[in-house]
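Trainee: The structure that follows is given in the form of structure tokens.
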Amino acid sequence: MKTGITAVEANSNIFEPQDDQMNEIYLWHGTAPRAALSIAQEDFNIKLAGASTKDHAGSMYGDGTYLAESITKADEYAQDDPTGLFAGKYALLLCRVLLGSTFRVTDSNIPAIEAALATGHYQSVLGDREAAVGTYREFIVYDHYQVYPHFIVWYTRL
């Protein structure tokens, strides 16, 4: 049973209702400002998953779009642009995401994830690091049609 009102419900003039049958939710995605603009114009490109960072962050659960319910977790993926118009700025995307049926894992196990997705019963993965090590949960989708960048949030870190 729900308690209280969500931010989406409280701001129905900005946010359209979510489709509970499709497990649609709003999640955060951290990135660099120029990448945020590219995603907003061209959509997410799964082929670039993990490619934008030196340590291939964003590939613990396979190549997909990594999103978080925690803005703090999304900020871990955000990067600044060192020069130009966005120098010193970071970007977060607030996205509408269709999770469908979610396969939950507590550790990186790409063969198990690939096998679960291949069954057709699952459309996303929940990397439950909160349960495993007390940090944040991550949601991963593997098809760009499942995620829509709704808003870009620009910010600086203090």
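The values are calculated or read from the model by the stated rules, or taken from the named source; none is laboratory data. What you see is a predicted model; the values in this text were computed from it and never measured. Here Cβ is always computed from backbone atoms with ideal geometry, including for glycine, and neighbour counts include all displayed protein chains. Surface areas here come from the heavy atoms of the whole protein model, side chains and all, with no ligands, DNA or RNA. Shrake-Rupley method; radii C 1.70, N 1.55, O 1.52, S 1.80 Å.
Trainee: What is the Cα radius of gyration of the stretch 87-158 over 2.2 N^0.38 Å, N being its residue count? Mind dumping the intermediate values first?
Mentor: Details: Rg = 14.9 Å, N = 72, 2.2 N^0.38 = 11.2 Å.
The value comes to 1.33.
Trainee: What percent do you get for the relative contact order of the chain when only Cα pairs under 8 Å and 6+ apart count?
Mentor: Numbers: 293 pairs, mean separation 43.2, N = 158.
Computed over the chain, the figure is 27 percent.
Trainee: Here is a further query. Could you look at the stretch 21-158 and say what percent of its accessible area is carbon and sulfur, using a 1.4 Å probe and all protein chains?
Mentor: 53 percent
Trainee: Taking a probe of 1.4 Å, how large is the accessible area per residue of the chain, in Å²? Before the final figure, lay out the partial values.
Mentor: Working: 9340 Å² over 158 residues.
It amounts to 59 Å² per residue over the chain.
Trainee: Once both labels are modelled 7 Å past Cα along the beta-carbon direction, what's the residue 119-residue 148 spacing in nm?
Mentor: 3.0 nm
Trainee: Continuing with this model, one more query. For a quick check: with amide H placed at 1.01 Å from N, whose amide H comes under 5 Å from residue 62's, ignoring anything fewer than 5 positions away on the same chain?
Mentor: The list, which skips near neighbours in sequence, is empty: none.
Trainee: Report, in deg cm²/dmol and to the nearest 500, the calculated mean residue ellipticity at 222 nm for the chain, where each DSSP H run with n ≥ 4 adds -39500 (n - 2.57) and the sum is divided by the residue count.
Mentor: Estimated from H runs of four or more residues: -5500 deg cm²/dmol.
Trainee: May I ask you to rank 108, 12 by accessible area, largest first, using a 1.4 Å probe over the protein chains only?
Mentor: Numbers: 108 60, 12 85 Å².
The most accessible residue leads, giving 12, 108.
Trainee: Sticking with this structure for a sec: Of the beta bridges DSSP finds with both residues in the stretch 70-158, what % are antiparallel, to the nearest 5? Working shown, then result.
Mentor: Working: 13 of 18 bridges.
Here the share of antiparallel DSSP bridges comes out near 70 percent.
Trainee: Which whole-number percentage describes the relative contact order of the stretch 69-158, with Cα contacts under 8 Å and a sequence gap of 6 or more?
Mentor: Working: 135 pairs, mean separation 30.6, N = 90.
About 34 percent, as a whole number.
Trainee: Something else: Amide H of residue 150 versus every other amide H placed in the peptide plane: which residues, excluding those fewer than 5 positions away on the same chain, fall under 5 Å?
Mentor: Excluding prolines and chain starts, which carry no amide H, the hits are 94, 95, 96.
Trainee: Still on this structure: Keeping every protein chain in place, order 137, 96 by accessible area at 1.4 Å, biggest value first, i.e. largest first.
Mentor: Values: 137 65, 96 35 Å².
The ranking, largest first, comes out as 137, 96.
Trainee: Taking the Cα centre as origin and putting +1 on Lys and Arg beta-carbons and -1 on Asp and Glu beta-carbons, what dipole magnitude results for the chain, to the nearest 20 debye?
Mentor: My answer is approximately 300 debye.
Trainee: To continue, here is another question. Between the alpha-carbon centers of the stretch 63-86 and the stretch 17-38, tell me the distance in whole angstrom.
Mentor: So the separation of the two Cα centres works out to 12 Å.
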